[in-house]
Amino acid sequence: MTGVQAAGSTAAAGRAPEEDGVSLRFAPLPEHVRTARLVAVALARRAGVEEGLLDEVRLAVGEACSRAVGLHRSAAPGEPVLVRFAPPGDRFRVEVADLVTGGPVPKPDEGGENESSGLFDPNSGEADMGLAVLRGLVDDLEVETVPAGGVIRMGWPVHHPDYA
């Protein structure tokens, strides 16, 4: 898979797009994290997240997506990262899903030298550091590990519960 695409077609299912929110599916490439951040801030602003929290939204979504991209690049490079923005409500909610966290993660082949492979190691402190950064940024944070992967759920208060 290459590039970024909107996931799902709610119009074809006979439902208004607002009922399902917005989904973004992208190849695990670092350059796509920027797109996810831009979409997150645009939707947060539209949902009524106060201006002072938009940087937090941008940083948190970027960190969660970067973490998922790193996990995918090391263990599931052909699988997309999925970001879901919940429908309008009393909070602006974002989910970043990966297909790696809960499953087995292959170890890099051990060579004769102790050089880094340049890949993200989910067993390293770097994976935990990303979660620590998120815990510092987001008050409403939930991290769930399931057999099919992991989901990071984040939420922020809104002043206007419905999109304008």
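Which members of the stretch 32-46 meet the condition of being surrounded by 19 or more Cβ atoms within 10 Å (Cβ to Cβ), aliphatic (A, V, I, L, M) and farther than 16 Å from Arg91 by Cα?
If the condition is that a residue be surrounded by 19 or more Cβ atoms within 10 Å (Cβ to Cβ), aliphatic (A, V, I, L, M) and farther than 16 Å from Arg91 by Cα, then Val33, Ala36 are the ones that fit.
Counting only residues that are part of a helix (DSSP H, G or I), over 25 Å from Gly78 (Cβ atoms) and either without any contact (Cβ under 8 Å) to a residue 60 or more places away in the chain or out of contact with any Lys or Arg (no Cβ under 9 Å at 6 or more places or on another chain) (or both), how many does the stretch 48-64 have?
Step one: filter the stretch 48-64 for residues part of a helix (DSSP H, G or I), giving 51-64.
Those still in the list that are over 25 Å from Gly78 (Cβ atoms) too: 51-60.
Checking which are either without any contact (Cβ under 8 Å) to a residue 60 or more places away in the chain or out of contact with any Lys or Arg (no Cβ under 9 Å at 6 or more places or on another chain) (or both) leaves us with 51-56, 58, 60.
The total comes to 8.
Take the conditions farther than 22 Å from Leu137 by Cβ and either of a type in the set (D, E, K, R) or at pLDDT below 95 (or both) and apply them to Ala16. Does it pass? I'd like the intermediate steps shown before the answer.
Details: farther than 22 Å from Leu137 by Cβ: yes; either of a type in the set (D, E, K, R) or at pLDDT below 95 (or both): yes.
Yes; evaluated as a whole, the condition is true for this residue.
Could you identify the single residue in Leu38, Leu71 that is at pLDDT 95 or above and either in a helix (DSSP H, G or I) or in contact with a His (Cβ under 7 Å, 6 or more places away or on another chain) (or both)?
Among Leu38, Leu71, only Leu38 is at pLDDT 95 or above and either in a helix (DSSP H, G or I) or in contact with a His (Cβ under 7 Å, 6 or more places away or on another chain) (or both).
Identify the residue in the stretch 47-61 that is closer than 16 Å to Gly130 by Cα and crowded, with 19+ Cβ neighbours inside 10 Å and, among all such residues, is farthest from the chain's Cα centre (by Cα).
Residues of the stretch 47-61 closer than 16 Å to Gly130 by Cα: 56-61.
Right, trim to crowded, with 19+ Cβ neighbours inside 10 Å and you get 57, 60-61.
Numbers: Val57: 11, Ala60: 9, Val61: 6 Å.
The extreme case among them is Val57.
The values are calculated or read from the model by the stated rules, or taken from the named source; none is laboratory data. Computed from a prediction, not measured in an experiment: that's the story for all the values here. Methodologically, a virtual Cβ is constructed for each residue, glycine included, from the backbone with ideal geometry; neighbour enumeration extends over all protein chains shown.
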